[in-house]
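One structure is given below, encoded as C-alpha cells.
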Amino acid sequence: MNVRIGTGPDSWGVWFADDPKQIPWKTYLDEVVSAGYTWTELGPYGYLPPDAGLIRTQFGDRGLKLSGSFIMTNLEKPDGWPEVERQLVETGEMIAHLGGRYLVLIDETYSDLFTGKLRGPRELDDSAWKRLVKNTHKVARIAKERFQLDLVFHPHADTHVEYEPQIEKLLEDTDPSLVSLCLDTGHHAYRGGDPVRFFLRHHKRIRYLHLKSVDSVMQKKVENEGIPFAVAVGMDLFCEPSVGVVDFPAFRDALEKVNYDGWATVEQDMYPAPFSKPLPIALRTRGYLQSIGIG
C-alpha cells in the first residue's frame, strides 16, 4: 500500500476562517512540520490567507504540499446553488493554484452545532435527496473540468449523509466516474458504523481518508444526553487513535489487503483548543500511526 499521510487545521482546533480562539496560521504550518508531516489540507477557506502566491512560498519554505481542501454547503436547498458555486469556485481555484488534487464535499448540517437546534429535517424527502445528488454531480463536473480536481464526498455527523444506509444510498445514486468517497473513520464510528468493514466493502469508491477516532464512553454520554456536536467536541468526543474505538491495526490490515494507494488526512476535532494542546497530540498520533505501519 501507499498511504500519503498528512494532516489539517482541524487537528489544531481550527473550524473557522477567523476566530481568536484559533492558533495563528503560520504557527499551524510550523507545527505541522514539527509533527513530521509534509502534506496538509487548507482548512476553512480564509484561514490560510487566500493568496496562492503567498501560501506557495510559505509551503515551499517548509517543504509542505497540499492534498486538498473542503467545502461545506447546503446541497439540497432549492435556491442554494449560488452559494454552493461561490464556495466551489473560491476553494477550487485555491486548491488548483497550489497543486492540490482533491475537493472534499460535505453537506451542511441540519442542526446548529453549538445548540443542537434543528435547522431543517433530519432526513430528506425524495425531491430534496434528488437535489443533493444532482448538485453533487454538478460540483464534481465543475471541479473536474475547470480545476482538474477529483471530488470526494465526506459523510459527516448531523448531516443528511451520516449513517451507513445513507452513505450506501449516495454511492448507489451517484456516478462512480464523478463521485468518490472520503471515509472519515471517526464520524463513521460516531454514527455506529464499523469503518473497517465498510472500507473493505466499498474500497473501490474510497479515494481519500480522514483518520480519527472516538472515545466510546463519551460517545455514549453524548448520545444519551443529546449533547450538541460542537459541545461534545469541546468535551473531547474525538480522541487519539491509540485509545479510541476505531481498530486502527485492523484498518491497517484492510488498507494492505486492498493495496490502498491514496491520501489520508489525520484529524482530531478539538474546537476550541488551547494553543499548547494540538502539537503534543499530533506528535503522539504521528508516532502511533507510524508504529503500526500507516504512513
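Each label point is 7 Å from the Cα along the Cα-to-Cβ direction; what then is the distance between the points at ASP175 and ASP253, in nm?
About 3.9 nm, to one decimal.
Quick one: among VAL217, VAL266, VAL231, which has the greatest mean-square fluctuation in a GNM of the chain with alpha-carbon springs under 10 angstrom?
Greatest mean-square fluctuation among the candidates belongs to VAL217.
Given the -39500 (n - 2.57) contribution per DSSP H run of 4+ residues, what per-residue ellipticity at 222 nm results for the chain, rounded to the nearest 500 deg cm²/dmol?
Using -39500 (n - 2.57) per qualifying helix, the result is -13000 deg cm²/dmol.
Pick from VAL246, VAL152, VAL258 the residue whose mean-square fluctuation is largest in a GNM of the chain, springs joining Cα atoms under 10 Å.
Checking each option, the largest mean-square fluctuation is seen for VAL258.
In Å, what Rg and Dmax follow from the Cα atoms of the stretch 2-291?
17.7, 50
To the nearest Å, what is the center-to-center distance of the stretch 44-62 and the stretch 196-247, using C-alpha atoms only?
30 Å
For the stretch 38-176, give the share of DSSP beta bridges that are antiparallel, in percent and rounded to the nearest 5; count only bridges with both residues there.
Bridges in the stretch 38-176 are about 5 percent antiparallel.
Once Lys and Arg get +1 and Asp and Glu get -1 on their Cβ, which of VAL32, PHE16, LEU255 lies farthest toward the positive end of the dipole of the stretch 2-291?
LEU255
Going highest first, how would you order 174-187, 40-53, 77-90 by mean Cβ packing within 10 Å? Mind showing how you got there, number by number?
Working: 174-187: 20.6, 40-53: 18.9, 77-90: 14.8.
Most protected by this proxy first, the peptides run 174-187, 40-53, 77-90.
Quick one: of LYS204/LYS257; LYS65/LYS144; LYS26/LYS212; LYS77/LYS138, which pairs are farther than 18 Å apart, Cα to Cα?
Violating the 18 Å limit, Cα to Cα: LYS65/LYS144; LYS26/LYS212.
Cα-Cα pairs above 19 Å in the stretch 47-118: how many percent?
Values: 1159 of 2556 pairs.
Value for the stretch 47-118: 45 percent of Cα pairs lie more than 19 Å apart.
For the stretch 2-291, give the share of DSSP beta bridges that are antiparallel, in percent and rounded to the nearest 5; count only bridges with both residues there.
Among the beta bridges of the stretch 2-291, antiparallel pairing accounts for roughly 10 percent.
Treating only the Cβ atoms of Lys and Arg (+1) and Asp and Glu (-1) as charged, compute the dipole magnitude of the chain about its Cα centre; round to the nearest 20 debye.
600 debye
Every read-out reported here was derived from the displayed coordinates using simple, explicitly stated rules and does not represent laboratory data. The shown structure was predicted, so the numbers you read here are calculated from the model rather than taken from an experiment. All Cβ positions, even for glycine, are placed from backbone atoms using ideal geometry, and neighbour counts span all protein chains on display.
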